[in-house]
Amino acid sequence: MAFPIYFQSRIDEIADGVFIQTSCSLSESGVLTLSTRSWTKNKLKGARSRVIIVLLDKSGKRLWNTDTFQCGIGGKYDFSGKSDRTINPDPIQVPQPFLSQVQFVEVVHFDEPTPITDYIVMLNNLFKINTTSQDTNTLTHNGNIFHVFTHTVEQIGNNTKMQDNRNQTVSGSPGAIASMGDHSTFHNLIQQLPSSSDPNKPGIKELLTQLETQIKSSEELSDDDKKDALDEVKALAEAGQKPEQNQDLANKAIRGLTRIVKDFAASAKVVQELISLIKPIFGL
């Protein structure tokens with residue numbers, strides 16, 4: 001398997017006007033990291049947004065899954081919670097015996113309007129369903145909807161590789177990801193950066209992963225703007241290999257990124273917040 005592996009789900013609408021998207025990476029040592037964003041433009045209605053990552057073998061049998069991660073949000077005018085929220089859980093260790101057996105990796109998104117004890121039963125039943133299709137799925141169990149995004153791991157001799165399905169989308173879904181083409185080298189470049197040693201303080205790797213996710217999921221930026229912005233993120237990833245020696249390259253990329261998003265209020269706010277955390281890494 002060519003490590004590190006990076007994959008990103010489509011944007012799922014898990015409740016009326018409530019969206020969620022997850023990006024993941026898996027290292028050679030079996031460390032799984034994920035970043036999930038949930039958001040809405042609803043004035044009052046939010047959702048109990050949830051995500052689980054599932055590993056399956058070639059027969060579709062569940063090998064292992066993460067715990068359920070919570071990314072719940074409120075409406076824009078519901079001050080009890082944020083209307084746009086991103087979570088970055090601590091890295092998770094996948095048991096080594098499972099790595100060589102993995103054929104499918106699934107990102108499961110859902111809203112949790114019912115008690116978690118009921119969902120445990122439903123999820124156990126869900127995982128008994130054979131979901132070996134390479135297509136994205138929406139599965140319904142007892143009236144509850146689970147959005148399943150499937151990635152296929154192909155066997156090549158004694159090695160494996162990830163077949164990238166991240167550009168698949170649900171027809172008509174608002175805010176669906178624009179096809180950005182093949183960015184596997186770009187993803188690997190970010191994932192090769194060092195992880196933060198402080199779980200409470202994101203480093204260059206975590207910040208650039210968030211920046212990439214924010215740009216791809218922006219509803220304001222055009223496809224061309226997204227491509228140009230991602231080129232600047234790529235430049236930051238290249239500069240991040242040796243931050244102390246690449247201040248000029250980083251500064252140029254930051255200026256370019258700022259110019260691209262400056263006319264889009266929501267995107268500019270999020271990008272500037274991330275840039276303010278990225279600058280000190282380069283001594284800017």
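The values are calculated or read from the model by the stated rules, or taken from the named source; none is laboratory data. Note that the coordinates shown come from a computational prediction; the quantities given were computed from them, not determined experimentally. When we count neighbours, we look across all protein chains shown, and the Cβ atoms used for this are built from the backbone with ideal geometry, even at glycine. Each accessible area value is taken on the protein alone, full model and side chains, heavy atoms only, with ligands, DNA and RNA left out. Shrake-Rupley method; radii C 1.70, N 1.55, O 1.52, S 1.80 Å.
Quick look at the values:
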{"item": "Test result for Phe104, surrounded by fewer than 17 Cβ atoms within 10 Å (Cβ to Cβ), touching a strand residue (DSSP E or B) at 6+ places or on another chain (Cβ under 7 Å), at pLDDT below 90 and closer than 19 Å to Ser27 by Cβ", "result": "no"}
{"item": "Only listed residue being surrounded by fewer than 16 Cβ atoms within 10 Å (Cβ to Cβ) and among the polar types (S, T, N, Q), chosen from Gln70, Gln96", "result": "Gln96"}
{"item": "Set Arg10, Arg85: member being within 18 Å of the chain's Cα centre (by Cα), closer than 20 Å to Glu212 by Cα and assigned to a loop (DSSP other than H, G, I, E, B)", "result": "Arg10"}
{"item": "The stretch 206-256: number of residues that are of a type in the set (S, T, N, Q), in contact with a helix residue (DSSP H, G or I) (Cβ under 9 Å, 6 or more places away or on another chain) and outside any loop (DSSP other than H, G, I, E, B)", "result": "6"}
{"item": "Pairs where the first residue, in the stretch 218-247, is of a type in the set (Lys, Arg) and the second is open to solvent by less than 40 Å² (accessible area, probe 1.4 Å) and not in a helix (DSSP H, G or I), C-beta under 6 Å, 6+ apart", "result": "Lys226/Ala178"}
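One line per residue, one yes/no per condition, for (1) over 20 Å from the mean Cα position of the chain (by Cα); (2) without any contact (Cβ under 8 Å) to a residue 60 or more places away in the chain; (3) open to solvent by 40 Å² or more (accessible area, probe 1.4 Å):
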site	(1), (2), (3)
Cys24	no, no, no
Glu28	no, yes, yes
Leu32	no, no, no
Arg37	no, no, no
Lys43	yes, yes, yes
Ile53	no, yes, no
Leu56	no, no, no
Leu63	yes, yes, no
